[in-house]
Amino acid sequence: MNSVTRKSRGFAGERIIEIPRDALERCRTMPLINSLFITRMGFYPKARYHYYQRPTGISQVILLYCTDGQGWIQLPNHRVLLTAGEVFAIAPATPHSYGADADNPWTIHWFHFSGTHCQQVMNTVMDERSSTPHAFRVPYSEERIALFDRMFDTFLKGYSTSNLLFANLTLPYFLASFVLPENFQPELGTSVMSPTDKAILYMQEHLSQTITLDNIAQSAHLSVSFFSRKFKQDTGYAPIEYFNHLRIQRACQLLHFGDLRINEVASQLGIDDPFYFSRLFKKHMGVSPADYKKSEGIQRRT
């Protein structure tokens, strides 16, 4: 396992999505997205004391897009200053460290992505004709940020096949805003919420409570039997299984950013039995909550 050092105090408004192992395995089998897919993404506003060190790098591409403040990226033979309006990508297996400027900390939208063509995609984004790694500047775009939020919010709804496809098929379009900013004119429309969307919203609003299948079906204004069939048809999951996906997703965020103990995280999710929580977490993420914290090198600077 790679050695990772992470320091921060946590940042007001921070957001992170950690894609579960089983969902990533499904991404690798989907022809439409197996060449490029998101493994993790997040947003850190005014990230004072943000710092990561990975002496051996990681197996994915890391993309950092700074929209305010500034920070730095240290590569084996080069140091890059990343300022507002600039983007930079770190190649797989590249030793690196990076952090926010102490006096003017950066605000960043960031991705880890993998796939059979992630290196080629990175080369295109970074315009590898230059022999010296450098950040490059792009015009600010509200549409680009809206696309980021669209991908993030899609993952918040869970890891159904349709959600994995939509979020990951949106990623190349998002990256195109860096490669061809002059041609970037997205049109984001609105849609009416389906019964499944209403149910997922209800789940998201009740992650700290114990809810039943009947509760969820009522939120969609459907009978339990019809709702269960419709929900599984739309998402590929039974409703309660999907609810547990969302709970574990929230647990990852609490473990990543907070100082809560494992039993306190379980309590935040309305789970009284920490052993049951640990089993549920390992089922979805492939590691125990304690090992997840350890593997992330999650530390808090006080």
Worksheet item: Has region 281-299 got any residue that is assigned to a loop (DSSP other than H, G, I, E, B), under 25 Å from Thr161 (Cβ atoms) and not assigned by TED's automatic domain parsing to the domain that holds Met41?
Response: yes
Worksheet entry | Among residues of region 162-207, those that are modelled with pLDDT of 90 or more and outside any helix (DSSP H, G or I), counted | 2
Worksheet item: Where residues in region 244-284 are aromatic (Phe, Trp, Tyr) and farther than 17 Å from Glu18 by Cα, which of them is surrounded by the most Cβ atoms within 10 Å (Cβ to Cβ)?
Response: Phe277
Worksheet, complete the sentence: A careful count of residues in region 136-161 that are within 19 Å of Arg247 (Cα to Cα), under 16 Å from the mean Cα position of the chain (by Cα) and part of a helix (DSSP H, G or I) gives 6
Worksheet, complete the sentence: All-but-one check, Arg250 against (1) of a type in the set (D, E, K, R); (2) over 22 Å from the mean Cα position of the chain (by Cα); (3) within 17 Å of Lys282 (Cα to Cα), failing number (2)
Worksheet item: When you look at Ile271, is it modelled with pLDDT of 90 or more and not in a helix (DSSP H, G or I), yes or no?
Response: yes
Worksheet item: Going through region 208-229 one residue at a time, which ones are closer than 22 Å to Ala266 by Cβ and either assigned to a helix (DSSP H, G or I) or among the small types (Gly, Ala, Ser) (or both)?
Response: Ser208, Leu213, Asn215, Ile216
Practice prompt. Go through region 48-83 residue by residue and tally those that are hydroxyl-bearing (Ser, Thr, Tyr) and within 17 Å of the chain's Cα centre (by Cα).
Written response: 3
Item to complete: Please go through region 27-47 and pick out each residue that is closer than 17 Å to Ala91 by Cβ and polar (S, T, N, Q).
Response: Ser35, Thr39
Discussion item. Just to verify a result, which residue in region 71-118, among those that are outside any strand (DSSP E or B) and aliphatic (A, V, I, L, M), is surrounded by the fewest Cβ atoms within 10 Å (Cβ to Cβ)?
Written reply: Ala102
Worksheet item: Here are Arg15, Arg9: which of them is modelled with pLDDT under 95 and within 15 Å of the chain's Cα centre (by Cα)?
Response: Arg15
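The values are calculated or read from the model by the stated rules, or taken from the named source; none is laboratory data. On a predicted model such as this, the values are computed, not experimentally measured, just so you know. We place every Cβ from the backbone using ideal geometry, glycine too, and count neighbours over all the protein chains shown.
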